[in-house]
Amino acid sequence: MIDITVRENINIRDKQVTVIGLGLSGIETAKLANHLGARVFASDSGSSKRVSAHAMDLMHFHHIASETGLHSEKIYDADLWVLSPGVPKNADIVIKAQEKNIPIVGEIEFASWFTESPIVAVTGSNGKTTTAYILAEMCQSKNNHAVMAGNMGLPFSERVLNEIKTLDETRTYILEVSSFQMEFVYHFSPTIAVYTNLSIDHLDRHGSMEEYLKMKLRMIQNMDQEDCVVYNGDDPELVSAVENHTVRLQPFSTTRSDTLYTWEGTSIKNHSGKSLAGLDELGILGDHNLSNLLSAATCSHLLGIPDDHISQVMKTFTGVEHRLEHVLTINDVQYINDSKATNINSVIVAIDTFKQPIILILGGRNKGADFRLLLPHIKSSHVRDVISYGEAGGQIDAALGDAVRSVQVTDLNSAVKKAQVLAAPGDIVLLSPGCASFDEFSNFEVRGQFFKSAVMEIKAV
């Protein structure tokens, strides 16, 4: 077995490394381990065309053996496991590997062993993708390459392997990190950890809010006093959670004054009172995006980015695909793609963003959410109709049907067609599902692309 207790002593050369899962992070982990001299075996219980293609590519281009459609006993002939975040820690194969004393780590942990570059890790229930993208633009300069990776579909392992092959390049990693990715970390330690907020999410995986919070806070566990936690000072639960730790703390806030950047009147100002961007100059709108801008600016400042560049990005950044993304306006009806909204709080943020009548499309696979939490926001907002679909369609209709005009359909395509029928000039058709995509789509990106294609078909008619 590989001794992983001391990071500096970890050596995987000529060791047997089993990679569980042949998604994007799995295949890039396999490539990184192979490049570093390990004997790699990859296994995935799935047998889709995508998984099979990944297995064939590993063998053809990298001579890495794998299996699909099962997990054979061969997976336990290992000195180390690198586990896909899609596999829960209570899975039978994980328990059996632990009984055999096989060290198990996640992809984020594994890749971090092989880089000394600064890492900014962004997590939270909402806003982490947008914050990560803003931060990457703010940190990009002629002297530093800002490299995005993590939960947005860009494996950290792939980026680290590129770094190993191009040693002459200075870089800062901007990682979006989910709670799933924190289940098997031991040494992972970012230079800056960013917490955007905390709200109920992934209870189907973690079982309780307490366990979910515990996983989120594992990002801090290895940080020292030279590192810094940047956190949302407007989130009481988050404030309480992080301020119990001995790391250096730096809040961001739209209301507090003990911050590096403040929102005063109608502009964002630095600690000297200089305005960086007025409300009418910002590239993205909404209170949630104001928090995202402040968190990214705070991190950038701590990394030595000058205010003039921070100000420029505040004015030029226009948003992230699948997050309140304007698709088309057809017959004076706006179609908005918010496919990345996979929890209740994201839906609340979305409906609070608009002042026009909203036809809200909700549905997919429930992650343990109570849709009744939407009731007060539905009642006080401009939501006129709710169209529910997918596995969670019945739960949504039962929770909201008495508060708003509601209709249940089978799938997203039917939901878009129904929205077209219900929509009147001046309305907004908003896909903000509040659920995972996995009942119908492989991820939220595919769901968002499907929605956009369906809207394009409306235009073509």
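Identify, please: which residue in the stretch 158-185 is closer than 25 Å to Tyr212 by Cβ and hydroxyl-bearing (Ser, Thr, Tyr) and is, among those, modelled with the lowest pLDDT? So the residue we want is Ser179.
A quick yes/no check of all residues on (1) modelled with pLDDT under 95; (2) over 28 Å from Ala341 (Cβ atoms):
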position: Glu109; (1), (2): no, yes
position: Thr123; (1), (2): yes, no
position: Tyr133; (1), (2): yes, no
position: Ser141; (1), (2): yes, yes
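Taking (1) in contact with a strand residue (DSSP E or B) (Cβ under 9 Å, 6 or more places away or on another chain); (2) of a type in the set (S, T, N, Q); (3) without any contact (Cβ under 8 Å) to a residue 60 or more places away in the chain in turn, Ser380 satisfies each apart from (1).
Note on the stretch 97-156: residues that are of a type in the set (Lys, Arg) and within 27 Å of Ser291 (Cβ to Cβ) total 1.
Counting only residues that are out of contact with any Leu (no Cβ under 8 Å at 6 or more places or on another chain) and of a type in the set (S, T, N, Q), which one in the stretch 45-72 is surrounded by the fewest Cβ atoms within 10 Å (Cβ to Cβ)? Taking the candidates together, the pick is Ser72. Among all residues of the stretch 307-328, there is none that is under 28 Å from Pro190 (Cα atoms), buried (at least 22 other Cβ atoms within 10 Å of the Cβ) and among the hydroxyl-bearing types (Ser, Thr, Tyr). If you go through the stretch 82-140 and keep only what is under 23 Å from Lys15 (Cα atoms), touching a Lys or Arg at 6+ places or on another chain (Cβ under 7 Å) and among the hydroxyl-bearing types (Ser, Thr, Tyr), you end up with nothing.
What about Ser381, is it over 29 Å from Gly86 (Cβ atoms), assigned by TED's automatic domain parsing to the domain that holds Tyr335, small (Gly, Ala, Ser) and over 25 Å from the mean Cα position of the chain (by Cα)? When the stated conditions are applied, Ser381 passes them.
The criterion of being of a type in the set (Gly, Ala, Ser) and either outside the structural domain of Asn143 (by TED's automatic domain parsing) or modelled with pLDDT of 90 or more (or both) does not hold for Ser257. The sole residue among Ile75, Ile93 that is within 16 Å of Ile20 (Cβ to Cβ), modelled with pLDDT of 95 or more, buried (at least 19 other Cβ atoms within 10 Å of the Cβ) and more than 16 Å from the chain's Cα centre (by Cα) is Ile75.
Candidates Pro433, Pro425: the one that is at pLDDT 95 or above, part of a loop (DSSP other than H, G, I, E, B) and over 23 Å from Lys340 (Cβ atoms) is Pro425.
Mind listing whichever residues of the stretch 387-422 are part of a strand (DSSP E or B) and within 22 Å of Asp332 (Cα to Cα)?
Within the stretch 387-422, Ile387, Arg405 meet the criteria.
The single condition among (1) farther than 29 Å from Met223 by Cα; (2) at pLDDT 95 or above; (3) surrounded by fewer than 23 Cβ atoms within 10 Å (Cβ to Cβ) that Trp113 does not satisfy is (1). List pairs: first residue in the stretch 246-272 and among the charged types (D, E, K, R), second residue surrounded by fewer than 17 Cβ atoms within 10 Å (Cβ to Cβ) anywhere in the structure, Cβ distance under 7 angstrom, at least six positions apart or on different chains. Here the result reads Arg248/Gln225; Lys269/Ser275, each pair linking the stretch 246-272 to a residue that is surrounded by fewer than 17 Cβ atoms within 10 Å (Cβ to Cβ).
The single condition among (1) under 25 Å from Val105 (Cα atoms); (2) in a helix (DSSP H, G or I) that Val239 does not satisfy is (1).
Just one residue in the set Asn413, Asn443 is polar (S, T, N, Q), touching a Gly at 6+ places or on another chain (Cβ under 8 Å) and surrounded by fewer than 19 Cβ atoms within 10 Å (Cβ to Cβ); that residue is Asn443. Residues of the stretch 109-129 include none that is hydroxyl-bearing (Ser, Thr, Tyr), assigned to a loop (DSSP other than H, G, I, E, B), in contact (Cβ under 8 Å) with a residue 12 or more places away in the chain and in contact with a His (Cβ under 7 Å, 6 or more places away or on another chain).
The values are calculated or read from the model by the stated rules, or taken from the named source; none is laboratory data. For clarity, every value in this text was computed on a predicted model and none was experimentally measured. Every residue, glycine as well, gets a Cβ built from its backbone with ideal geometry; the counts of neighbours run over all protein chains shown.
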